[in-house]
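Colleague: This structure is in structure tokens; I'll ask about it shortly.
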Amino acid sequence: MNDRAVTRAAVLRSIGSPLAIEEIRLPALAAGEVHVRLAAAGVCHSDLSLANGTLDQSVPAVLGHEGAGTVVAVGPAVTKVRPGDHVLLNWSPSCGSCWFCVHGEPYLCEQTANAWQRRYARLADGTPLYAGLGTATFGEETIVPSSAVLRLPPTVNLEGAALLGCAMLTGIGAVINSADVQPGESVVVFGTGGVGLSVLQGARLARAEVVIGVDVAAEKEGLARTNGATDFLLADDQVVRRIRERTGGRGADHAFECVGSATTIRQAWSSTRRGGRTTIVGIGAKDERIEFRPQEFFYSARILRGCVFGSTDIGRDLPRLLSHVAAGRIRPDDLVSNRIRLEDAPEALAQMSAGKGARSLIVY
């Protein structure tokens, strides 16, 4: 098959190896496919989880799933977008017909994982390349199914829009959809990376009264407060006690865990008041275990809930977020700790692994 384009991408050759900037070859478009030139891509903790093997990823692959750009061309039978359209890439496309989709839970779609196993391009030697979470935004250009593109208004800033694709839909969705935070309630957020900061923005949007950010890095306090935290605490062995002191001795109405650690999940649970909600957003390691005593559930009457993609129905929630962005009620730019080039993507993952920074944004 003739190549459609030669472009550059950050390639993961094997699990645990550093990303390498290489030329890759995009094939001619098949029916239902869309060729997109990226404007920006966020570096998400899920990309790190794919790179280090916490989440399964076939290799070689181009990671990245949080991106926005411009349509270059469309394949046969594509009618939802056309060349020149600004689009957001959707790493979690739903089929609309499985049990979960029909019952209002498209974020749990049975078919989504199939989109994550796509071979979408080739290395220079002809080796097939997988698209990380189906989108491969760590490349200057990509090819995706039409189900994975969402048209954006032409006035939307594409750099900021990129962060809507995962961090903000996940974080704000966790607050609004999964936990249903109400005005005047108290919220604590464990982990102030890109998703955690989005949860803070969601708590502010929901008009929570006390919003506590928790992190191991003291230097993240400024970012946490910029994104809506009224308080900031370091994650030490006294953090649960201090959260309770700040919330009338009861504990927070809502705790959000955005780290994916057995320790912080346990702390989030213990810092939630009786009858409150603990929402787990972070993706943990396969071999970690958390212990609960059965009487804890009876006595505390807390709700412990997992959260996938902010319980998002993207057709409903993306227009809402865009309206909030236009009104200044949420601010994607406030998540960004570094604007980088594609060449800096390997270092961005290394910094994330060390717990430094919030959202690095690759600007093409």
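Colleague: When you scan segment 177-184, do you find a residue that is assigned to a helix (DSSP H, G or I), in contact with a strand residue (DSSP E or B) (Cβ under 9 Å, 6 or more places away or on another chain) and open to solvent by less than 10 Å² (accessible area, probe 1.4 Å), even just one?
Modeller: yes
Colleague: Take segment 219-240 and flag every residue that is over 23 Å from the mean Cα position of the chain (by Cα), aliphatic (A, V, I, L, M) and not in a strand (DSSP E or B).
Modeller: Correct list: Val239, Val240.
Colleague: Right, here's the next one. Do you know which residues across segment 114-130 are open to solvent by 50 Å² or more (accessible area, probe 1.4 Å) and among the small types (Gly, Ala, Ser)?
Modeller: Ala124
Colleague: With Gly248, Gly284 as the choices, which residue is without any contact (Cβ under 8 Å) to a residue 12 or more places away in the chain, assigned to a loop (DSSP other than H, G, I, E, B) and over 25 Å from Pro332 (Cβ atoms)?
Modeller: Gly248
Colleague: Could I ask something else about it? All but one of (1) touching a residue at least 40 places away in the same chain (Cβ under 8 Å); (2) surrounded by 13 or more Cβ atoms within 10 Å (Cβ to Cβ) hold for Thr263; which doesn't?
Modeller: Just one mismatch for Thr263, condition (1).
Colleague: Any residue at all in segment 51-74 that's polar (S, T, N, Q), within 16 Å of Ile362 (Cα to Cα) and open to solvent by less than 60 Å² (accessible area, probe 1.4 Å)?
Modeller: Checked against the condition, which is being polar (S, T, N, Q), within 16 Å of Ile362 (Cα to Cα) and open to solvent by less than 60 Å² (accessible area, probe 1.4 Å), segment 51-74 yields at least one hit.
Colleague: Which ranges mark the strands (runs of 3 or more DSSP E) fully within segment 1-109 that have 3 or more residues being farther than 16 Å from Gly134 by Cβ?
Modeller: 3-12, 20-27, 33-43, 66-74
Colleague: Take the conditions at pLDDT 95 or above, open to solvent by 60 Å² or more (accessible area, probe 1.4 Å) and not basic (Lys, Arg) and apply them to Pro294. Does it pass?
Modeller: No, not satisfied.
Colleague: Suppose we keep only residues that are in a strand (DSSP E or B) and not β-branched (Val, Ile, Thr) within segment 140-158. Which one would you say is most open to solvent (accessible area, probe 1.4 Å)?
Modeller: Going through the qualifying residues, I end up with Arg151.
Colleague: Would you mind telling me which numbered condition in (1) at pLDDT 95 or above; (2) outside any helix (DSSP H, G or I); (3) closer than 30 Å to Val11 by Cβ Asn338 fails?
Modeller: Single failed check for Asn338: (1).
Colleague: Restricting to segment 321-357, and then to whatever is of a type in the set (S, T, N, Q) and either within 16 Å of the chain's Cα centre (by Cα) or closer than 24 Å to Pro18 by Cβ (or both), can you tell me which residue is surrounded by the fewest Cβ atoms within 10 Å (Cβ to Cβ)?
Modeller: Ranking the qualifying residues of segment 321-357, first place goes to Ser353.
Colleague: Does Leu133 satisfy being in a helix (DSSP H, G or I) and crowded, with 24+ Cβ neighbours inside 10 Å?
Modeller: For Leu133, the condition - in a helix (DSSP H, G or I) and crowded, with 24+ Cβ neighbours inside 10 Å - is met.
Colleague: Same structure again: Taking the options Gly315, Gly306, Gly310, name whichever one is closer than 21 Å to Ala179 by Cα and open to solvent by less than 30 Å² (accessible area, probe 1.4 Å).
Modeller: Gly310
Colleague: Right, something else. Just to be sure, is Gln201 open to solvent by less than 10 Å² (accessible area, probe 1.4 Å) and among the polar types (S, T, N, Q)?
Modeller: In short, yes.
Colleague: Let me ask something else about it. Within segment 214-229, restricting attention to residues that are touching a Gly at 6+ places or on another chain (Cβ under 7 Å) and under 18 Å from Ser271 (Cβ atoms), which residue is surrounded by the fewest Cβ atoms within 10 Å (Cβ to Cβ)?
Modeller: Per the criteria, the residue is Val216.
Colleague: A further question on this structure: Whether any residue in segment 117-139 is modelled with pLDDT of 95 or more and over 26 Å from Ala345 (Cβ atoms) is what I want to check.
Modeller: No, there is no match, as no residue in segment 117-139 is modelled with pLDDT of 95 or more and over 26 Å from Ala345 (Cβ atoms).
The values are calculated or read from the model by the stated rules, or taken from the named source; none is laboratory data. Just so it is clear, the model here is predicted, and its values are computed rather than measured. Neighbour counts are summed over all protein chains in view; Cβ atoms, including those assigned to glycine, are modelled from backbone coordinates with ideal geometry. All accessible areas refer to the heavy atoms of the entire protein, side chains included, with ligands and DNA or RNA removed. Shrake-Rupley method; radii C 1.70, N 1.55, O 1.52, S 1.80 Å.
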